[in-house]
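Comments concern the structure below.
The values are calculated or read from the model by the stated rules, or taken from the named source; none is laboratory data. Here the structure is a predicted model, which is why all the values come from computation and not from measurement. For neighbour counting, all protein chains shown are included, and Cβ atoms are generated from backbone atoms with ideal geometry for every residue, glycine included. Just the protein is used for accessible areas: all its heavy atoms, side chains included, with ligands, DNA and RNA removed. Shrake-Rupley method; radii C 1.70, N 1.55, O 1.52, S 1.80 Å.
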Amino acid sequence: MEAMNIGINEQDRARIAQGLSQLLADTYTLYLQTHNFHWNVTGPMFHALHAMFEQQYTEMAVAVDDIAERIRALGARAPGSYLEFSKLSKIKEQPDVSDATAMLQVLVQSHETLVRTCREVLPLAQEAADESSAGLLADRMALHEKTAWMLRAMLGS
Ligand SMILES: [Fe+2]
């Protein structure tokens, strides 16, 4: 069979896939962090936060699939283990958070970290005219910017 040719050279495909792997690792880690908070949140805001966290991790569960499949479409292997994700992810893991306000603060930091990852990787896709990856990155950036704003609003900031 002939070599893959979607009009993006091999080096650019590898570079974009590496960036998307970073995005995948960050998103999967934040998915788990949000699920953890859904389970362990306590206090008078329990019901609202429990439900909001569920909405957020459910959205990310769909997103990780789209990101991983884009990496595959670029001809690269998608990382899919906790070992790889922990090496790649820039999200700081915070295992002992139980206070609801602290959870919101941690999530603001995590969503803003993800926004920065999207912004770092986006030019790699744009420079290679990889509109498919650029569109995905732009959508993820907007989602995490909006979520960070909403979480900050809940904190009164
Ligand atoms: Fe649940």
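Using a probe of 1.4 angstrom, how much of the accessible area of the stretch 52-157 is carbon and sulfur, in percent? Could the numbers behind the result be given before it?
On the way: 3030 of 5810 Å².
Carbon plus sulfur share of accessible area: 52 percent.
The slack between R77 and N5, meaning 0.36 nm per residue of separation minus the straight C-alpha distance, is 24.2 nm.
At a threshold of 8 angstrom on Cα-Cα distance, excluding pairs fewer than six apart, so keeping six or more, what relative contact order does the chain reach in percent?
On the way: 174 pairs, mean separation 46.5, N = 157.
It rounds to 30 percent for the chain.
Highest GNM mean-square fluctuation among F85, F46, F37, for the chain modelled with Cα contacts below 10 Å: F46. Centre-to-centre, using Cα atoms only, the stretch 111-137 and the stretch 70-100 are separated by 17 Å.
Given Cα pairs under 8 Å that are at least 6 residues apart, what percent is the relative contact order of the stretch 71-157? Numbers along the way, then the final one.
On the way: 57 pairs, mean separation 27.1, N = 87.
Dividing the mean separation by the residue count of the stretch 71-157 yields 31 percent.
As a calculated quantity, the FRET efficiency between N40 and K146 at R0 = 30 Å, using C-beta atoms, amounts to about 0.75. Which residues in the stretch 24-55 have a backbone N closer than 11 Å to a point placed 7 Å from the Cα of T101 along the Cα-to-Cβ line? Nothing falls inside the zone, counting backbone N under 11 Å. Overall, the chain carries a charge dipole of about 260 debye about its Cα centre when +1 sits on the Cβ of Lys and Arg and -1 on the Cβ of Asp and Glu, all other atoms neutral.
At the listed q of 0.10, 0.17, 0.18 Å⁻¹, the Debye profile of the chain, built from one uniform point per Cα, gives log10 I(q)/I(0) equal to -0.38, -0.93, -1.02.
Between G135, G80, G43, the residue with the greatest mean-square fluctuation in the GNM of the chain (Cα pairs under 10 Å linked by springs) is G43. Given their separation in residues at 0.36 nm each and the Cα-Cα distance between them, S132 and R119 gain 3.1 nm when the chain is fully extended. Solvent exposure of R13, expressed as accessible area, is near 30 Å², computed with a probe of 1.4 Å over the protein chains only. Between the listed residues Q55, A3, G135, the Cα displaced farthest toward the positive end of the dipole of the chain, a dipole computed from Cβ unit charges relative to the Cα centre, is found at Q55.
Based on DSSP H segments of at least four residues, each scored -39500 (n - 2.57), the chain has a per-residue ellipticity at 222 nm of -26500 deg cm²/dmol. Under the convention that each Lys and Arg Cβ holds +1 and each Asp and Glu Cβ holds -1, the size of the dipole of the stretch 22-74 around its Cα centre is about 80 debye.
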